[in-house]
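Asker: Below you will find the structure I want to go over with you.
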């Protein structure tokens, strides 16, 4: 299966052993969950379809951290979905080196940052964006995002809007859209320079 995405429906403290998810689609015992840059594993005792979800924190060398309600979540069966280097004998960051192979086709939604489609926190990622003109996508803005990046291609007509609610894009409050047009600025490189601070550069 491919990984699925959702969000935290409640904040998660650094010592919490459970998390609450907005959607529990495909969540089963043993699955890996990535929130910001922390990897977790669904623990024994999970009841299908029920919150909160018991988890083992800080898996595969990632650091345990607090996560805000609404933080982006990706979950899947493990190596087949996230291409984790576990078992390879290499000491590397599984969210930096291997996930460059991630890609997604995303349909933009909404007319504001809070109604825009939330991108997966699993990066680096190649993102092909479609949807009606004026619709948007939103990037995660958690404290663990610095260094993450997306290469975004606009594949539809009109304007696709990018938001970073809770942060900034090119120094402007992230509730104000940064636009990728159907002509000219059709491709953008979006990267997180500091916690909550995203930078967007265009192909022209």
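Asker: Only one of 137, 180 is touching a residue at least 12 places away in the same chain (Cβ under 8 Å) and farther than 28 Å from residue 63 by Cα. Can you tell me which?
Answerer: Among 137, 180, only 180 is touching a residue at least 12 places away in the same chain (Cβ under 8 Å) and farther than 28 Å from residue 63 by Cα.
Asker: In addition: Considering region 20-44 alone, what residues qualify as being outside any loop (DSSP other than H, G, I, E, B) and without any contact (Cβ under 8 Å) to a residue 40 or more places away in the chain?
Answerer: 40, 41, 42
Asker: Okay, next question. Please verify whether residue 37 is surrounded by 15 or more Cβ atoms within 10 Å (Cβ to Cβ) and out of contact with any strand residue (DSSP E or B) (no Cβ under 8 Å at 6 or more places or on another chain), treating the condition exactly as stated. Quick ask: steps written out before the conclusion?
Answerer: On the way: surrounded by 15 or more Cβ atoms within 10 Å (Cβ to Cβ): yes; out of contact with any strand residue (DSSP E or B) (no Cβ under 8 Å at 6 or more places or on another chain): yes.
Taking the combined requirement at face value, the residue satisfies it.
Asker: Another question, if that's okay. Looking at the structure I just gave you, is residue 166 outside any strand (DSSP E or B), out of contact with any helix residue (DSSP H, G or I) (no Cβ under 8 Å at 6 or more places or on another chain) and at pLDDT 85 or above?
Answerer: On the way: outside any strand (DSSP E or B): yes; out of contact with any helix residue (DSSP H, G or I) (no Cβ under 8 Å at 6 or more places or on another chain): yes; at pLDDT 85 or above: yes.
Yes; evaluated as a whole, the condition is true for this residue.
Asker: Criterion first (closer than 23 Å to residue 173 by Cβ and either at pLDDT 90 or above or exposed (fewer than 15 other Cβ atoms within 10 Å of the Cβ) (or both)) does residue 55 satisfy it?
Answerer: No; evaluated as a whole, the condition is false for this residue.
Asker: Can you spot a residue in region 7-21 that is crowded, with 16+ Cβ neighbours inside 10 Å, farther than 25 Å from residue 117 by Cα and outside the structural domain of residue 144 (by TED's automatic domain parsing)?
Answerer: yes
Asker: Give 140, 121, 146 a once-over and let me know the one that is farther than 21 Å from residue 6 by Cβ, modelled with pLDDT under 90, outside the structural domain of residue 37 (by TED's automatic domain parsing) and in contact with a strand residue (DSSP E or B) (Cβ under 7 Å, 6 or more places away or on another chain).
Answerer: 146
Asker: Can you tell which of 111, 195 is without any contact (Cβ under 8 Å) to a residue 60 or more places away in the chain and either in the same structural domain as residue 58 (by TED's automatic domain parsing) or in contact with a strand residue (DSSP E or B) (Cβ under 9 Å, 6 or more places away or on another chain) (or both)?
Answerer: It is 111.
The values are calculated or read from the model by the stated rules, or taken from the named source; none is laboratory data. Predicted model, so just to flag it, every value in this text is computed and none were measured. Note that each Cβ is placed from the backbone with ideal geometry, even for glycine, and that neighbours are counted across all protein chains shown.
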